[in-house]
1. Mean projection of the alpha-carbon convex hull of region 112-303 over all orientations, in nm²?
2. Viscosity 0.692 mPa s, temperature 37 °C: Stokes-Einstein D of region 18-96 from its Kirkwood Cα radius, in µm² per second?
3. Note down the magnitude of the dipole of region 112-303 about its Cα centre, charges +1 on Lys and Arg C-beta and -1 on Asp and Glu C-beta and zero elsewhere, to the nearest 20 debye.
4. Taking only the Cα atoms of the chain, how large is their convex hull per residue, in Å³?
5. Need the list of aspartates and glutamates near residue 289 for cross-linking: C-alpha distance under 17 angstrom, and skip anything on the same chain fewer than eight residues off.
6. Select from 279, 47, 86 the residue farthest towards the positive end of the dipole of the chain; place +1 on Cβ of Lys and Arg, -1 on Cβ of Asp and Glu, and compute about the Cα centre.
7. Any idea what the alpha-carbon Rg over 2.2 N^0.38 Å comes to for region 125-185?
8. Would you mind checking 254/318; 23/113; 11/72; 113/148; 113/276 for any pair whose Cα atoms are more than 21 angstrom apart?
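Since every read-out is calculated from the coordinates, none of them should be taken as a lab result. The structure presented is a predicted model; accordingly, all values stated were derived computationally and were not measured. Note: ideal-geometry Cβ built from the backbone for every residue, glycine included; neighbour counts use all protein chains shown.
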Amino acid sequence: MILAGDLGGTKSNLGLFDVQQGKLVRVAEKRFSSQAYPNAEQIMQEFLQSTSGEVTAASFGIAGPVVNNTVKATNLPWIVDGAIVAKHLGIARVRLLNDLEAAAYGVGVLEPKDVETLHAGVSIPDANRVVVAAGTGLGEGILFWDGKQHVPIATEGGHADFAPSNDQQADLWKFLKARNDFVSCETILAGKGFKRLHEFLNISVRHPGFDDNSVDPAPGITQQGLAGTCTTCVATLDLFCEIYGSEAGNMALKAVARGGIYITGGIAVKILPKLKEGGFVAAARNKEKLSAFLEQIPIRVVLNEQCPLIGAAYVAWKGL
């Protein structure tokens, strides 16, 4: 059996996979609240106690840079060491991946039904791709075409500086800078970014969770924004999508991603109707000199939120 995991700042998804007729088949899965556990090993132990089958290979995607098969999680007080986890599981090796690296592997094995096209562009299979994922944090990865296959490359681009592209965004930067030492892309393009954008647009409109840290305000903002019941929430989603699209276009330029932009992560699926309105796509290609180039690049939303989990399982299966 293959044990795979997608370990994030809010939730950790674990799955047990078997290989049947040359394909990965998920035989068990469970979601855990990451913050409720002191380390990843306890989650694994609890999951395996509820399943059957001997684990023979394992791989985990984790939000954070992987150095010597060890990760200090970005949004969790965890240090995950592949050698320690392997000993805990009683197997020879555990491969740790950056979460976007896992998602990039997952993109390569998704079914057509798992993807929604925002912009068709001109599909070029044998070219670089990029993966951008807003969730608890902002992850960014590259699928480099080496002449024979796509090779996932992890980045920490979500922590790069936010670059305003118009007067409103410049005012947003000033608003955020007055409250934060750094204004990264992740400051905006993550779950906590919705409240920040909402307060920037109208500080006087308050919702549940704005003054209570035990309540996450993001779901309420997105729901009211999609329903049109709060004009500030609508404007928040519009601005979020504009900045999200712009950053996706930036990644496509940096990687010359003629093979496509893939939007993964939990937020995209939740705000898909807003992404389809066109503001995201327009912002992605609104770049100096290269708008026509960017217009040729397909933009797709990954609907299957298990993409990183599937990618991690694939890596363990193939021994990559």
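1. The directionally averaged projection comes out at 11.1 nm².
2. Working: Rh = 13.7 Å.
It diffuses with D of about 239 µm²/s by this estimate.
3. The calculated dipole for region 112-303 is roughly 280 debye.
4. Values: hull volume 44.2 nm³, N = 320.
Hull volume normalised by residue count: 138 Å³.
5. Result set, ordered by chain and number: 247.
6. Farthest towards the positive pole: 86.
7. Values: Rg = 15.5 Å, N = 61, 2.2 N^0.38 = 10.5 Å.
Computed over Cα atoms of region 125-185, the ratio equals 1.48.
8. 254/318; 113/148
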